[in-house]
Amino acid sequence: MSWNQLTVDVPDDLVDAVVGELSGDAVAGVWENESPQSGYTRLVLYFGSRSNLEQIQRHIRTVFSRSGRQDPRISKTVVEECDWNEEWKKSYTSFPVGDDFFVIPSWENPVVPHDRLPIRIDPGQAFGTGTHETTQLMIEALERWVEPDQLILDVGTGSGFLAIASRLLGAKKVVACDLDPVAAQVAYANIERNGQNGIWTFCGSLDAVNKDTFQLAMGNLTADLVVDLFPEFDRVLKRHGLAILSGILLDQADEIRGIIARFHFTIYEELTRGEWLALICEKHVA
Ligand SMILES: C[S@@+](CC[C@H](N)C(=O)[O-])C[C@H]1O[C@@H](n2cnc3c(N)ncnc32)[C@H](O)[C@@H]1O
């Protein structure tokens, strides 16, 4: 199997924006390397062989033009499938996340700090290693808002990381879904790896879920997806249910606050890290 590889040097302050912009383009892998230019990061991006490269390049250029930068030089090549797990193993090692967790790659066996809960992860080709700021904001929010009797929906579960964390925080049951079949399989394997029997996984999205079901529904997605999917978050949440939404760039916050207000949700908290924002809001029913 072959992959399209795009390489582009990105000003350090635009790295998150470029990666965020591409998450709707089914980016299969992102490597951040040192760029020869100081203040820049060399992003190496992998896409499936049938991806629309013209559209992807347009999305990258949009981020540059939005911040008043000149069009970047983007180089293209086709590479053969590599062993993603072997590549990950070179750079991914155990680390603490949030106040409560300790993330352990499946191939390591470190001593777990006594005050932290281990999450064993093999990310494979799914998003959700716990290293990204958007995932860390979700963890921070879950640590504050998960309660023992909750039925929780994790939309876009990726590696299953947040679903596993929710159960470890005491949620009664978690339903984890992802549109990407590879992610759904990776999530299932990670959930088994962590011995969690209270999590159901499926390949699909919110439309497969009954209305008025969950006390908490979360999605670490993109701002566009949050706007598109918000009516569905509203539908599946119970009265007074909480939505926890991440993957939103700070300059997209007003658009998200707008849709939240239109559905008469109340924003309880806004958490930020780097360029990223996560919101916690509550559903009200008249
Ligand atoms: C940024 S990753 C988040 C992974 C993980 N939850 C985390 O926070 O680390 C977003 C995931 O959402 C999935 N996704 C995108 N659109 C979706 C949709 N409409 N319904 C369900 N999953 C979706 C993608 O396949 C991807 O795995």
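Things worth noting here:
- Residue within the range 124-134 that is surrounded by fewer than 20 Cβ atoms within 10 Å (Cβ to Cβ), of a type outside the set (V, I, T) and either touching a Lys or Arg at 6+ places or on another chain (Cβ under 9 Å) or modelled with pLDDT of 95 or more (or both) present: yes
- Checking the stated criteria, A141 turns out not to satisfy the condition of being more than 22 Å from G247 (Cα to Cα), buried (at least 20 other Cβ atoms within 10 Å of the Cβ) and at pLDDT 95 or above.
- Some residue of the range 170-187 being polar (S, T, N, Q) and in contact with a helix residue (DSSP H, G or I) (Cβ under 7 Å, 6 or more places away or on another chain): no
- Enumeration of residues in the range 109-122 that are of a type outside the set (A, V, I, L, M, F, W, C) and within 23 Å of the chain's Cα centre (by Cα): R116, P118, R120, D122
- Cβ pairs under 9 Å, 6+ apart, first in the range 1-26 and at positive phi, second part of a strand (DSSP E or B) and crowded, with 18+ Cβ neighbours inside 10 Å: A26/F47
- Counting only residues that are among the hydrophobic types (A, V, I, L, M, F, W, C) and either in contact with a Lys or Arg (Cβ under 8 Å, 6 or more places away or on another chain) or in a loop (DSSP other than H, G, I, E, B) (or both), the range 135-157 holds 4 of them.
- Residues of the range 257-271 satisfying the condition of being of a type outside the set (D, E, K, R) and surrounded by 14 or more Cβ atoms within 10 Å (Cβ to Cβ): I259, I260, F263, F265, I267, Y268, L271
- Those strands (runs of 3 or more DSSP E) lying entirely in the range 179-259 with at least 2 residues touching a Lys or Arg at 6+ places or on another chain (Cβ under 7 Å): 214-220, 237-249
- Verdict on E255 being within 22 Å of the chain's Cα centre (by Cα), modelled with pLDDT of 95 or more and closer than 21 Å to I152 by Cα: no
- All positions within the range 129-182 that are more than 12 Å from the ligand (Cβ to nearest atom) and among the polar types (S, T, N, Q): Q150
The values are calculated or read from the model by the stated rules, or taken from the named source; none is laboratory data. Values in this document were obtained by computation on a predicted structure and should not be read as measured data. Glycine also receives a Cβ, built like all others from the backbone with ideal geometry; neighbour counts cover every protein chain displayed.
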